[in-house]
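Shown next, in structure tokens, is the structure this report addresses.
The values are calculated or read from the model by the stated rules, or taken from the named source; none is laboratory data. As the structure is a prediction and not an experimental result, all values here were calculated from the model. Ideal geometry is used to build each Cβ from the backbone, glycine not excepted, and the neighbour counts take in all protein chains shown.
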Amino acid sequence: MKKTAKKTIRRSIALPSELVEELRAAAPPELHDNFNRLVTSILVDFTKRQKKYQFETAMAEMAKDPAIQESCSGLSEEFMTAEDDGL
């Protein structure tokens, strides 16, 4: 089985030393001495949270849409008999 190499992009950033020390203090022990892995871990977590927030926002907007509300109401009525069948 052939492994696919992940492309790594290098970036140079300037951070306040106080922030770096706070990050290291709050990091799990296995990431204390590996700043690259720490930042990667934080960015992965941030990306997941942003995607979740964007999805939840889109769902909330859909829930406000009168056309979707009407469609869901119709589906709910259609399945009402199935809910009462005792299964």
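Cβ-Cβ distances below 8 Å connect the following pairs, each with a first residue in segment 65-87 that is modelled with pLDDT of 80 or more, a second residue that is assigned to a helix (DSSP H, G or I), and a separation of six or more residues or different chains: Ile68/Met62; Gln69/Ala63. Quick check: is even one residue across segment 20-29 part of a helix (DSSP H, G or I) and loosely packed, with under 10 Cβ neighbours inside 10 Å? There is at least one residue in segment 20-29 that is part of a helix (DSSP H, G or I) and loosely packed, with under 10 Cβ neighbours inside 10 Å.
Just one of the numbered conditions (1) assigned to a helix (DSSP H, G or I); (2) surrounded by 10 or more Cβ atoms within 10 Å (Cβ to Cβ); (3) not basic (Lys, Arg) is not true of Asp33: (1).
Could we say that Ser73 is part of a helix (DSSP H, G or I) and either over 28 Å from the mean Cα position of the chain (by Cα) or among the aromatic types (Phe, Trp, Tyr) (or both) here?
Details: part of a helix (DSSP H, G or I): yes; either over 28 Å from the mean Cα position of the chain (by Cα) or among the aromatic types (Phe, Trp, Tyr) (or both): yes.
The answer is yes for Ser73.
Beta carbons closer than 6 Å, at least 6 apart along the sequence or on distinct chains, never pair a first residue in segment 43-55 that is part of a helix (DSSP H, G or I) with a second that is among the acidic types (Asp, Glu). Hey, does segment 17-25 have a residue that's in contact with a Leu (Cβ under 8 Å, 6 or more places away or on another chain) and free of Cβ contacts under 8 Å to residues at least 24 places away in the same chain? Yes.
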